[in-house]
Protein chains: 2
Amino acid sequence: MSKGVEWAIHTLLNLAMLGDDKPVGSAQLAAGHGLPVAYHNKQLQSLVKAELLTSTPGPRGGFRLARDPDSISLLDVVLAIEGNGTLFRCTEIRQCGKIGELSTGGDGSTACAVKRAMYRGDVAWREALAAQKLSDVQKELDIDDPSVTTTVRRAFGRD
Amino acid sequence: MSKGVEWAIHTLLNLAMLGDDKPVGSAQLAAGHGLPVAYHNKQLQSLVKAELLTSTPGPRGGFRLARDPDSISLLDVVLAIEGNGTLFRCTEIRQCGKIGELSTGGDGSTACAVKRAMYRGDVAWREALAAQKLSDVQKELDIDDPSVTTTVRRAFGRD
């Protein structure tokens, strides 16, 4: 997974902690965690495209959460940044080589048993991420450090 | 995940289907699914290192399963090929930038809540793969195509 996933989750959480509807500029969002602005902008655009952020143009524009933190899952963020690919890559080698040539059984309509088995891993991973919302992680951050929201608000000039 | 994982699982399953202790040469194993020999050899060496295969040198040498198919999990194969890394990459950006500078709470001894949440996905994925043994996948292959073992044995000149 690219490091863009870590960036995106923290950026969304920071916006959740600001807790208002004022847009935040991309340079300010990147500065929150010292991220390279141009590369971070790509993640922001991906989050807009996935409808997790809304973008407001103009000098007072910026980004804000498009949905409540309790309706954005970690899976939503991963898919926004990484696309909808699978962890396991099946290239159908079962159909290739000597074994592929000699194979008589099966009509090829059933997905390979190896693919099915590996995809059970993908499903378990997706379910674990889908079950966790940004609001859940925000609560854990608060428990770890009760001053975290104040810190984030100060970093973005809100207090 | 690299395509080496697909190759390694099929190769291990082919050896399981041969069902004997005769070593199979690397060129023959690669030819089973039309795989590039040199690159496939790297996967074979990784499987030997992980003690999933044993290698016998010499002109009649080759590779055979080091353990019973019911004691080799899909996770064992993935870790052998991909190493023991995590799906999610945490680079501790919480400590960086303006937010990192202003952060006062927490002693840094607790792993970041984002990392903990994402690792729950990793754990679910690993558990799903660890629960599935090569013998389970072999049974599914047999159900899909009852002639699959005969096909594999013929491809390796055993019948």
If I take R0 = 25 Å and measure r between the Cβ atoms of residue A:82 and residue A:140 in this structure, what FRET efficiency does the formula 1/(1 + (r/R0)^6) give, to the nearest 0.05?
0.65
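Is there a simple number for the mean count of other chain Cβ atoms within 10 Å of the Cβ of residues in B:119-126, and what is it?
Other-chain Cβ atoms within 10 Å of each residue's Cβ, averaged: 6.
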Estimated [θ] at 222 nm from DSSP helical runs (n ≥ 4, -39500 (n - 2.57)) normalised by residues in the protein assembly as shown, nearest 500:
-16500 deg cm²/dmol
Zone reached by a paramagnetic label modelled 7 Å from residue A:116 Cα along Cα→Cβ, restricted to region B:110-154 with backbone N below 12 Å, covers B:137-146
What ranking, highest mean first, results for peptides A:2-15, A:66-79, B:54-67 when packing means the other Cβ atoms within 10 Å averaged over each residue?
A:2-15, A:66-79, B:54-67
Given the C-alpha centroids of region B:45-82 and region A:21-69, what is the distance between them in whole angstrom?
48
For region A:1-61, what is the convex hull (Cα atoms) projected area averaged across all directions, in square nanometres?
4.1
Under the rule of at least 5 residues apart or a separate chain, name every residue whose amide H is placed under 5 Å from the amide H of residue A:25.
A:63
For region A:4-155, the fraction of alpha-carbon pairs in successive 5 Å shells from zero, as %
2, 8, 16, 17, 15, 11, 7, 6, 5, 5, 4, 3, 1, 0
Considering every Cα-Cα pair within the protein assembly as shown, what fraction, in whole percent, is farther apart than 27 Å?
52
Net lengthening on full extension, residue A:48/residue A:2 (0.36 nm per residue, minus Cα-Cα)
14.8 nm
Over the whole of A:146-159, what's the average partner chain Cβ count within 10 Å per residue? Rounded to a whole number, please.
3
Using a 10 Å cut-off on Cβ to Cβ distances, tally the other chain neighbours for every residue of A:65-74 and report the average as a whole number.
1
Cleavage-rule hits (trypsin sites (Lys or Arg not before Pro)) in region A:71-124: DSSP loop, at most 14 neighbouring Cβ within 10 angstrom
A:89
When ranked by the protection proxy of mean other Cβ atoms within 10 Å per residue, highest first, what sequence do the peptides A:36-42, B:124-130 form?
B:124-130, A:36-42
Taking region B:69-159, the whole-percent share of alpha-carbon pairs separated by over 23 angstrom is 52
Can you compute the modelled spin-label distance between residue B:159 and residue B:130, with each label point 7 Å from Cα toward Cβ, in nm?
3.8
Starting from the 7 Å offset along Cα-to-Cβ, what nm value, one decimal, do you get for the label separation of residue B:41 and residue A:92?
3.0
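Each value in this text was obtained by applying a stated rule to the coordinates, not by laboratory testing. Because the structure is predicted, anything quoted here is derived from the model rather than measured. Cβ atoms come from the backbone with ideal geometry, glycine included; neighbour counts cover every protein chain shown.
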